[in-house]
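The values are calculated or read from the model by the stated rules, or taken from the named source; none is laboratory data. Only a predicted model underlies this, so the values are computations on that prediction, with no experimental measurement involved. Because the Cβ atoms are built from the backbone with ideal geometry, glycine has one as well, and the counts that use them run over all protein chains shown. Please note that ligands, DNA and RNA were not included when accessible areas were found on the heavy atoms of the full protein model with its side chains. Shrake-Rupley method; radii C 1.70, N 1.55, O 1.52, S 1.80 Å.
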Amino acid sequence: VVVTPFLIASFTATNSDLWPHLAWGRLWSEGKAAFGVDPFSYATEGRYWTNHAWLWDIIAFTLYTKDSTGSTLVQFKACQFAGAVLILMLIRRRGCSLWPWVIGGALAVVASASFAQVRPFTINPLFLMGTMYVLFHREWVPGSYRNSLILAGLFALWSNIDTGFILGPLLVGLTLMGEVIQKTLF
């Protein structure tokens, strides 16, 4: 179940939106980029421009330049995809059957296979599964200092990689709301 997503996501980058990300990562690596300025558009001149995926751009450019074919970047993407499924399998509590998790993981892989392009969005499932791991696998205590620090670090990293980071705090809020409702009704 973990090898299959890696193989499914191991295809070359065909999406054209990869090139602006690599270009921005190159500018940042060369020290020519500045926050708040879009170096590729005249339409944003004089206005503040936010690159929400600046950290992913730097990571992607660094991985892309490791070899002449960009295969390291594709392997990184495939590892993200497989890592999300692996964390999904690790969420399972002891004593529970593995088969429902395997079936759920397989369905998730099939459903998300068409979204496994090389872009910042592809890291969202990995971070979302990491959030779910902290919430559901560890003994979650709403005021827990350790869990809060882990989630804060996870969200800080995630927010500099993609705008989908809002899914993490939303999941935490829904989990807390569910716990309150559960304690109130039961």
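If I filter segment 61-81 for residues that are open to solvent by less than 50 Å² (accessible area, probe 1.4 Å), under 23 Å from Thr163 (Cα atoms), in contact with a His (Cβ under 9 Å, 6 or more places away or on another chain) and without any contact (Cβ under 8 Å) to a residue 60 or more places away in the chain, do I get at least one hit? Yes, that holds for at least one residue. For segment 1-57, the tally of residues that are exposed (fewer than 12 other Cβ atoms within 10 Å of the Cβ) and within 25 Å of Ala156 (Cβ to Cβ) stands at 6. When residues in segment 20-73 are screened for being of a type outside the set (Asp, Glu) and either touching a strand residue (DSSP E or B) at 6+ places or on another chain (Cβ under 7 Å) or within 30 Å of Leu7 (Cα to Cα) (or both), 31 of them pass.
When the residues of segment 97-108 are filtered to those that are farther than 25 Å from Leu151 by Cα and of a type in the set (A, V, I, L, M, F, W, C), the one that is surrounded by the most Cβ atoms within 10 Å (Cβ to Cβ) is Val102.
Among the listed residues Leu135, Leu151, Leu126, which satisfies the condition of being free of Cβ contacts under 8 Å to residues at least 24 places away in the same chain and either touching a Phe, Trp or Tyr at 6+ places or on another chain (Cβ under 8 Å) or crowded, with 16+ Cβ neighbours inside 10 Å (or both)?
Values: Leu135 fails: free of Cβ contacts under 8 Å to residues at least 24 places away in the same chain; Leu126 fails: free of Cβ contacts under 8 Å to residues at least 24 places away in the same chain.
Sole residue among the options that is free of Cβ contacts under 8 Å to residues at least 24 places away in the same chain and either touching a Phe, Trp or Tyr at 6+ places or on another chain (Cβ under 8 Å) or crowded, with 16+ Cβ neighbours inside 10 Å (or both): Leu151.
Pull up segment 160-186, narrow it to residues that are free of Cβ contacts under 8 Å to residues at least 60 places away in the same chain and of a type in the set (S, T, N, Q), then point me to the one that is surrounded by the most Cβ atoms within 10 Å (Cβ to Cβ).
Going through segment 160-186, the residues free of Cβ contacts under 8 Å to residues at least 60 places away in the same chain turn out to be 164-186.
The next check asks that each one be of a type in the set (S, T, N, Q); those that pass are 175, 182, 184.
Numbers: Thr175: 16, Gln182: 9, Thr184: 7.
Within segment 160-186, the match that is surrounded by the most Cβ atoms within 10 Å (Cβ to Cβ) is Thr175.
Test Val109 against the stated conditions and say whether it is of a type in the set (A, V, I, L, M), in contact with a Ser or Thr (Cβ under 7 Å, 6 or more places away or on another chain) and closer than 18 Å to Ala82 by Cα. Here the answer is yes, as Val109 does meet what is asked.
On the stretch given as segment 74-101, residues that are under 21 Å from the mean Cα position of the chain (by Cα) and either of a type outside the set (A, V, I, L, M) or under 17 Å from Pro5 (Cα atoms) (or both) total 19.
Scan segment 126-163 residue by residue and report those that are under 24 Å from Ile58 (Cβ atoms) and at pLDDT below 90.
Residues of segment 126-163 under 24 Å from Ile58 (Cβ atoms): 126-131, 150-163.
Listed by number, the residues that qualify are Ile150, Thr163.
Do any helices (runs of 4 or more DSSP H) entirely within segment 104-186 hold 3 or more residues that are under 20 Å from Val1 (Cα atoms), and if so, which? Please lay out each step first, then the result.
Values: elements: 124-132, 145-159, 167-185.
Answer list for segment 104-186: 124-132.
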